[in-house]
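Data first, discussion second: the structure below is written as structure tokens.
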Amino acid sequence: MLTFLPSPARGAIAASMLGLNTLFWCCLIFVLALVKLVVPAQPVRVAIDRALNGIATRWVAGNSAWMRLTQRTTWSVQGLDELQYRAWYMVNCNHQSWVDIIVLQHLLNRRIPMLKFFLKRQLIYVPVIGLAWWALDFPFMRRHSDAYLKSHPEKRFEDLEATRRACEKFALIPTSVMNFPEGTRFRPAKHSAQKSSYRHLLKPKAGALALALAVLGDKFDSMLDVTIVYPDGAPTFWQFLCGNVPRIVVHARRIPIPRELRLGDYAGDPGFRKTFQRWLQDIWREKDEEIDAIEAQSA
């Protein structure tokens with residue numbers, strides 16, 4: 001354990017180990033991705049995808065190793081028992097920091113299949129890791145602003161089409177589809193600008209979740225809803241690397257997905273769209289109350 005070192009030294013060591021771990025496994029990912037491009041036959045694709053997911057799982061395990069070496073965070077985790085590695089999962093979570101991704105990967109690795117996140121299109125240009133996300137079939141979304149969509153309504157369902165294409169690939173082997181319905185990290189200014197009715201959350205966006213269920217709904221019998229709370233404040237990624245995150249609380253629960261919500265046309269049916277949004281909003285209200293309770297207990 002290196003927790004006796006000053007936090008900047010721990011941060012430098014953790015960042016170096018993260019970088020080396022990423023470069024090593026990404027080299028293997030790029031080789032296999034090239035094979036998948038050259039030989040696009042479905043049996044080859046399925047075999048390569050399984051190998052790619054196995055490599056990504058080992059990358060996450062490597063990250064967990066340097067976390068245990070450099071950090072002294074107290075973890076409080078509930079609801080992750082009885083998960084199955086060879087099943088499909090729809091994972092839903094609130095979003096406050098880049099650290100959320102590391103937290104989810106650390107806790108869910110080898111409990112469920114490799115998490116596949118919905119990512120902003122700009123992240124494909126992140127050196128090394130952006131290309132790795134592309135090779136692993138992470139769906140990239142453009143996230144057009146409301147103002148842009150008003151002047152270009154034809155772009156409104158562009159992200160949904162990208163989601164559909166990605167989810168069709170996920171149907172081939174067990175996959176965990178990871179969604180942050182808020183679409184961006186929680187910030188007080190964003191919360192105020194939205195006039196969000198939730199105390200701790202931004203308004204949820206239902207489109208990607210609805211289309212993922214429409215394409216893969218027969219694979220999911222429930223949704224794994226995860227709530228992350230940092231009782232001492234949401235950390236930056238550098239604070240996390242330095243080991244300056246005293247406590248992390250993670251609660252998960254399985255929520256049944258009504259069958260009728262897996263069959264509707266979110267893009268073309270306004271009635272279904274409102275029903276689906278109300279379902280997600282109810283989940284969000286319960287999550288907001290849960291965060292209240294966790295913060296009160298952790299105070």
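Table for the structure above
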item	result
Only one of Ala65, Ala33, Ala14, Ala61 that is buried (at least 17 other Cβ atoms within 10 Å of the Cβ), among the aliphatic types (A, V, I, L, M) and under 17 Å from His106 (Cα atoms)	Ala14
The stretch 3-46, residues that are more than 22 Å from Val60 (Cβ to Cβ), free of Cβ contacts under 8 Å to residues at least 12 places away in the same chain and assigned to a helix (DSSP H, G or I)	Ala9, Leu34, Leu37, Val38, Pro43, Val44
Conditions (1) in contact with a helix residue (DSSP H, G or I) (Cβ under 6 Å, 6 or more places away or on another chain); (2) buried (at least 19 other Cβ atoms within 10 Å of the Cβ); number of the one not met by His251	(1)
Filter result for Ile255 (under 23 Å from Asp100 (Cβ atoms) and assigned to a strand (DSSP E or B))	yes
Condition broken by Met67, with the remaining ones in (1) closer than 26 Å to Leu213 by Cα; (2) at pLDDT 95 or above satisfied	(1)
Selection status of Thr227, among the hydroxyl-bearing types (Ser, Thr, Tyr), part of a strand (DSSP E or B) and either closer than 17 Å to Ile102 by Cα or in contact with a helix residue (DSSP H, G or I) (Cβ under 9 Å, 6 or more places away or on another chain) (or both)	yes
Which listed residue, of Arg58, Arg68, Arg45, Arg50, is among the charged types (D, E, K, R) and over 29 Å from Glu168 (Cα atoms)	Arg68
Condition check for Ala87: modelled with pLDDT of 95 or more, surrounded by fewer than 18 Cβ atoms within 10 Å (Cβ to Cβ) and farther than 28 Å from Ile294 by Cα	no
Test: residue in the stretch 102-125 that is of a type outside the set (Lys, Arg), in contact (Cβ under 8 Å) with a residue 24 or more places away in the chain and touching a Lys or Arg at 6+ places or on another chain (Cβ under 7 Å)	no
Asp292 being surrounded by fewer than 14 Cβ atoms within 10 Å (Cβ to Cβ), part of a loop (DSSP other than H, G, I, E, B), in contact (Cβ under 8 Å) with a residue 12 or more places away in the chain and of a type outside the set (Ser, Thr, Tyr)	no
Some residue of the stretch 269-281 being under 16 Å from His95 (Cα atoms) and of a type outside the set (D, E, K, R)	yes
Those residues of the stretch 218-237 which are over 21 Å from Leu119 (Cα atoms) and touching a residue at least 12 places away in the same chain (Cβ under 8 Å), in sequence order	Asp218, Lys219, Phe220, Asp221, Ser222, Val229, Tyr230, Pro231, Asp232
Subset of the stretch 93-133 that is farther than 29 Å from Asp232 by Cα and among the small types (Gly, Ala, Ser) - its residue that is modelled with the highest pLDDT	Ala132
Whichever residue in the stretch 234-266 is of a type in the set (Phe, Trp, Tyr) and at pLDDT 90 or above and, among such residues, is nearest to Ala214 (Cα to Cα)	Phe237
Which numbered condition Leu263 misses (of (1) closer than 22 Å to His95 by Cα; (2) out of contact with any strand residue (DSSP E or B) (no Cβ under 9 Å at 6 or more places or on another chain))	(1)
Complete set of residues in the stretch 167-204 that are surrounded by fewer than 20 Cβ atoms within 10 Å (Cβ to Cβ) and part of a helix (DSSP H, G or I)	Glu168, Lys169, Pro188, Ala189, Lys190, His191, Ser192, Ala193, Gln194
Residue within the stretch 205-212 that is basic (Lys, Arg) and part of a strand (DSSP E or B) present	no
Where a residue in the stretch 77-88 is of a type in the set (Val, Ile, Thr) and its partner, wherever it lies, is surrounded by 12 or more Cβ atoms within 10 Å (Cβ to Cβ), with Cβ under 7 Å and at least six apart	Val77/Leu107; Val77/Val250
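The values are calculated or read from the model by the stated rules, or taken from the named source; none is laboratory data. Keep in mind that what you see is a predicted model, and the values were worked out from it rather than measured. A quick note on method: Cβ atoms are made from the backbone with ideal geometry, for glycine too, and the neighbour counts reach across all protein chains shown.
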